[in-house]
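The values are calculated or read from the model by the stated rules, or taken from the named source; none is laboratory data. Note that the coordinates shown come from a computational prediction; the quantities given were computed from them, not determined experimentally. Here the Cβ positions follow ideal geometry from the backbone for every residue, glycine too, while neighbour counts run over all protein chains shown. Remember, those area values only see protein heavy atoms, side chains included, never the ligands or the DNA or RNA. Shrake-Rupley method; radii C 1.70, N 1.55, O 1.52, S 1.80 Å.
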Amino acid sequence: MRLKKALALSLIPMMLGSIVAACTNSGGGAVEEPRTEEPAKSNEQSAGETPKPVEEPAASELEGTIRISLPNAAADVWNAVAQAYMTKHPKVNVIVDNKPAEGYREWLTAQFAAGTPDVDFVVSNEVQTLHESQKFVDMYPFFEKDNPYTGKKWKESLDLDAMGINYSGVGADDHLYMLNFESVQIVWLYNKEIFDAVGIAEAPKTFNELLSAFEKIKAAGYTPLALAGNSNSMWSGEAGWLVRIYADQYMRDSINVIRSQPDDYTYLPEVDDAWTYDVNDPYNDSNSKVTKNDLRVWKAIKDKEGPFQIAGNPKWSAFMENLKSLFQYTPDGFFGVNAEQAYSLFLTGKAATMMSTPGSFWQLPKDFADEAKTGAQGGVKPFEYGFFNMPSMEGPEVMAPARTIHIPIGFYSFVAKDAKQTELDMDFMMYLTSPEGYKVYLTAIQNSDKAALSGSPALKDIVLPEEMAAAFANFEPIGNTEGFPSASNSLARGVWDHQPSVQDWVGLVQRYFGGEVSTEQFLTEYQGIADKYLEPALKERKLELGDLEHPERRPPERS
C-alpha cells in the first residue's frame, strides 16, 4: 500500500529569510516585557467586526513562560499580543526578545548547539536540518483538538487551502513544524514622480521595457533599482527572489522531471491521476495539483536531466545574461549594499524602484517620517508611489510569462520541549489564530509605526478593515514560483540550500555580475559546484547516492 504524503507547502528551507523581514518589518530589537496585570491597550480597540469568543479558558489552567524571539519583527506588535494573552492567563509570563534578521539563522542554530534552547516561539524556515531532527513541535496532532478561543476544532479556524495544506492527504509520516497564516506577494514598488520626470507614462510590462525605462532613469542621475547585493540578499533576500523568479520562466518544465510517478511512495492517486502538464496555467505545478518526489529532484541534479543541467544549457545561458543586464542598474558598490541601505535609497527619492510586498502600501507613509530609516531630521517629503507585477523576459528560450513569489508566510515554530510547555505553546498559537487574538495582533499592526500587514490572513472568521481588504484586492495574482523543488528553486543558487554550495555560488555569481567571468565560464564553474556538493548535500538530508537508484522507494530512516 502506498503511503500518503502531505501536500503541505514544503518551502525551500533557506529561501525566505528576507521575506520574513519584509513582512514583519523592522523594530525587532531585543525587548523584554515583564508580565503585568493591566489589560492590553490593543485589546480595547477595534480592527473590524469579529465573532465573539465562544468560551473563555480558565485562567488557572495554564502557567509557565513563553519566550518569543522572531527575526526583525515589530516588538510593539508582539508585546501587545503578549500582554493580551497574559491578561487572560495571569500565571503565564510571555517575554518578547526579537532578533535582527541578519544572523538570525546562525543565532537559532547556536541555541540548539548549546542544548535545549530557552526560546520557545521562533521562525524556522532557514533551519531545515532541525526540522528533520524533529526539534520543533509537530502541529498536525493539534488540528483535531478544540480551540478554547473559538469553541471548535482548531483546524476549523484555519484556511487550509490558503495555507497550502491538503489535510486529507496527511499520513502518519507527515509533520507540520511551521505554521503560515498570512500571505505575501512579491511585486515591484516604484516612485511615480521619478517615472514622470523622465517621461515614462506607464509601468513596464515586459523585461525589455523595464531595461529601457532603467536606461532613462540612470541617465537622469537616479539609481534605477534599489537592490541589496551582499551575500544575504543574493541567497535569501531580494536579489535571490529575482534569481528564482526569472529562472522559473525558463525552467517551467521541471515538473515533468520531478513529479511523482505512479509507483512512487509520494504518489497520491486522488491528486496525480487527474494531472496533465499545461505550461499556460501559472498554477499547473502547484502542490494542490500535483505531488513531487524529492528523490527525483536529487536524481535529476545528479544526472543533469533537462533544466537541471547547467553547463551547455541554452536556457540557463539566456536567463543569466538577462539577469546580468538587470543587475547593472543597481546601486554603486552593489555587492556591499545591504537591504536597509537599499531601502533608504528608495525612501529618500534617490532610487526609482525596489522589490517589495503589498505591505508597503501602509508602511511607506510611516517610514517617510522615520528619521532612523531616512537619515533626515523630521523624515523626508513623501512622494507618490505605485506597484507593478513582474515584467516578463522574452525570447526563444522563455517557456511562459513571469510568475512571482506568492505564498503563505509566517514560518512560525515552537521548540519541542516537554508536554507541559507544548500545551502552553499551542494554546498561545490557538489564541493568536483565533478572531479574538488576531484582532489584538491586527490592531497593534495598525497602531505601529514599524509594521504592516503584507497580505490577507489565511484564517477563518477574520474580517479585515474595509480599506485594507480593498487594497489587497488590487494586487493581481500571476502565479507562484515557490514551495516546490523546481530547478529554479533547488538549483538556481546553490545545491538546494546546502550552505557550502550557496557560499561558493554567491562568490561566483558576484564575479559574473561584476564582469570577471563570461556566461560560459560561469555555467561551467557552477556545474562544477553542483557536482562537488551533491553528495554532501544529500548527507545533510540523511540521504545517500544509492537512494537515487530507486526514487520510487521511501529512503530508510537514518540517525
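Data for the structure
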{"item": "Separation between Cα centres of the stretch 83-150 and the stretch 249-322, rounded to whole Å", "result": "33 Å"}
{"item": "Amide H within-cut-off set for Val187, under 5 Å, with H built and near neighbours excluded", "result": "Ser356, Thr357"}
{"item": "Cross-link partners of Lys152 among lysines (Cα-Cα below 25 Å; sequence separation of 8 or more within a chain)", "result": "Lys52, Lys88, Lys91, Lys420, Lys439, Lys460"}
{"item": "Within the stretch 184-270, GluC sites (Glu not before Pro) in DSSP loop having at most 13 other beta-carbon neighbours inside 10 Å", "result": "Glu202"}
{"item": "Set of aspartates and glutamates near Lys417 by C-alpha distance (under 17 Å), chain-local residues within fewer than 8 positions excluded", "result": "Glu63, Asp118, Asp120, Glu132, Asp138, Asp425, Asp427"}
{"item": "Within-10-Å neighbourhood charge of Lys542 [Cβ basis; K, R +1; D, E -1]", "result": "-2"}
{"item": "Solvent-accessible surface (1.4 angstrom probe) belonging to Met178, in square angstrom, nearest 10", "result": "30 Å²"}
{"item": "Solvent-accessible surface (1.4 angstrom probe) belonging to Arg67, in square angstrom, nearest 10", "result": "90 Å²"}
{"item": "Hits among lysines - C-alpha to C-alpha of Lys299 under 19 Å, sequence gap 8 or more where chains match", "result": "Lys532, Lys539, Lys542"}
{"item": "Low-density loop positions, GluC sites (Glu not before Pro), the stretch 460-559 - DSSP coil, at most 10 other Cβ in 10 Å", "result": "Glu557"}
{"item": "Mean Cα-pair separation over length for the stretch 299-455, i.e. relative contact order, pairs under 8 Å, 6 or more apart, %", "result": "20 percent"}
{"item": "Selection from Asn293, Met86, His406, by position along the positive dipole direction of the chain (Cβ)", "result": "Asn293"}
{"item": "Correct option for mean projected area of the Cα convex hull in nm² [calculated from the coordinates] among [x] 33.3; [y] 39.8; [z] 24.9", "result": "[z]"}
{"item": "The chain - mean residue ellipticity at 222 nm from DSSP helices (-39,500 (n - 2.57) per run, n ≥ 4, rounded to 500)", "result": "-10500 deg cm²/dmol"}
{"item": "Order of exposure, largest accessible area first, which applies to Asp76, Asp418 with probe 1.4 Å", "result": "Asp418, Asp76"}
{"item": "The chain - percent of accessible surface contributed by carbon and sulfur, probe 1.4 Å", "result": "48 percent"}
{"item": "Cα-centre dipole for the chain with unit charges at Cβ (Lys and Arg positive, Asp and Glu negative), debye to 20", "result": "580 debye"}
{"item": "Share of Cα-Cα pairs in the stretch 116-175 lying beyond 18 Å, as whole percent", "result": "49 percent"}
{"item": "Options Leu538, Gln499, Gly515, ranked by Cα towards positive dipole end of the stretch 453-559, top entry (Cβ charges)", "result": "Leu538"}
{"item": "Positive-end residue, the chain charge dipole about Cα centroid, Cβ charges, pick of Gly437, Val415, Ser233", "result": "Ser233"}
